[in-house]
Amino acid sequence: MALIQCNFFSEVLGLSTSMTVILPQQTRNQIGMNNKKFGDKHPTLYLLHGLSDDDSIWLRRTSIERYVAEIGIAVVMPQVHLSFYTDMSHGNRYWTFINEELPQIARSFFPLSDAREDNFVAGLSMGGYGAMKLALRRPDQYAAAASLSGALDIANGRLRGDHPLIFDQIFGNQDIHGTDDDLLWLLQQSDQSDGPKPLLYQCCGTEDFLYDDNQAFREACSRTNHHLTYEEESGSHEWGYWDAKIQNVLKWLPLRTAYDKS
């Protein structure tokens, strides 16, 4: 695999930012690795970070590079700071960046497929929220989305109570219910649409402080026609859990390659 630390300028954000990228590389003599590459345009997983992290965190806390080596999939990990993947009330336009600009820039730099069936998004905590929001608002772009311990019901206000300054900066004083930032509302809107519906994956540990939010999302999803793969067991909000679960996500992805998921 090739690992690229990419610094670039964002017109949307009006500043220099970064993304960490893993690209497939076919190798025969690399000891301890079984790297694969399928075609000239790589299927791509956009892998999103949590509230206190940055674009380097998945690489530092998990073995994501090793896990994707034999799958032949590219991984794009962007930097979005404390934004909840949102056009902030008092801050920058991170939704526009992640939704519109980032895929265009990444594809201009690297040989990434732009086909819907080759594009997926996943994330943990705040990134789980961002992944579901991307897939539900842009089902034309993403075939599947995965949330690991995601903050999936922020409209209920529990997280705002824990982080009032952050949430006021992001969402202002508005009620999120029934807006494009409310995932439960987006599930309903997506269900009523005639367009394609992304496959959804969700997991959360039973001791996680976001467990109730995950149950609310799961229940809301059960009232729609979305196909949700759900997993839970004992676990909390920590990297040992996410390192294990991202491997399940990679096996679950509906890849068009010759990857054997057995």
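Laboratory data are not the source of any read-out in this text; all were calculated from the coordinates shown. Everything numeric in this text was worked out from a predicted model, so none of it was measured. Here the Cβ is made from the backbone with ideal geometry for all residues, glycine too, and neighbour counts use every protein chain on show.
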Exercise for the section: Treating cross-link reach as a plain straight distance, find the aspartates and glutamates whose alpha-carbon is under 17 Å from the alpha-carbon of K36, omitting any fewer than eight places away in the same chain. Expected result: E65, E70, D118, D260
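Convex hull volume of the Cα atoms in the range 186-262, per residue, in Å³? Don't skip to the end; give the middle numbers.
On the way: hull volume 8.3 nm³, N = 77.
With only Cα atoms used, the range 186-262 gives 107 Å³ per residue.
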Handout entry: For Y46, distant residues with modelled amide H under 5 Å away
Key = V76, F120, V121, A122
Fill in the blank from the handout: One would report the Cα pair-distance distribution of the range 1-138, bin width 10 Å, in %, as 12, 44, 34, 9, 1, 0
Practice task
Find, among the trypsin sites (Lys or Arg not before Pro) in the range 1-54, those assigned to loop by DSSP (not H, G, I, E, B) with at most 12 other beta-carbon atoms within 10 angstrom.
Solution key: R28
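With Cβ to Cβ distances under 14 Å as the rule, what net charge do the other residues near N92 carry (K, R +1; D, E -1)?
Details: positive: R93; negative: E11, D87, E100, E101.
Spelling it out: positives minus negatives among the neighbours equals -3.
Any idea what the alpha-carbon Rg over 2.2 N^0.38 Å comes to for the chain?
Numbers: Rg = 17.5 Å, N = 262, 2.2 N^0.38 = 18.3 Å.
With N residues counted in the chain, Rg over 2.2 N^0.38 Å equals 0.96.
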Practice task
List the residues whose amide H sits under 5 Å from the amide H of H237, counting only those 5 or more places along or on another chain, with H placed 1.01 Å from N in the peptide plane.
Solution key: F209
Exercise for the section: Quick one: which residues, 5+ away or cross-chain, put their amide H under 5 Å from the amide H of Y201? H built at 1.01 Å from N. Expected result: A145, A146, S147, T229
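Taking the square root of 5 times each eigenvalue of the Cα gyration tensor, what semi-axes in Å does the equivalent ellipsoid of the range 1-41 have, largest first?
Working: eigenvalues 187, 27, 5 Å².
They are 31, 12, 5 Å, listed largest first.
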Handout entry: Cα-centre dipole for the chain with unit charges at Cβ (Lys and Arg positive, Asp and Glu negative), debye to 20
Key = 960 debye
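Let me check I've understood the local charge: for Q189, count other residues with C-beta under 11 angstrom from its C-beta, Lys and Arg +1, Asp and Glu -1. What total comes out?
Values: positive: R137; negative: D180, D182, D191.
Here the count lands on -2.
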Problem - On Cα atoms only, tilt of 239-252 relative to the major axis of the chain in degrees - result: 70 degrees
Problem - Nearest-ten-degree value, helix 183-192 long axis tilted from longest Cα axis of the chain - result: 80 degrees
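Over 23 Å between Cα atoms, which of K37/K251; K41/K133; K41/K251 qualify?
Details: K37/K251 16 Å; K41/K133 25 Å; K41/K251 20 Å.
Pairs exceeding 23 Å: K41/K133.
222 nm [θ] for the chain, helices only, -39500 (n - 2.57) per DSSP H run of 4+, per residue, to 500? Could the numbers behind the result be given before it?
Working: 9 runs with 80 residues, N = 262.
Estimated from H runs of four or more residues: -8500 deg cm²/dmol.
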Handout entry: the chain: antiparallel DSSP beta bridges as a percent of all, rounded to 5
Key = 35 percent
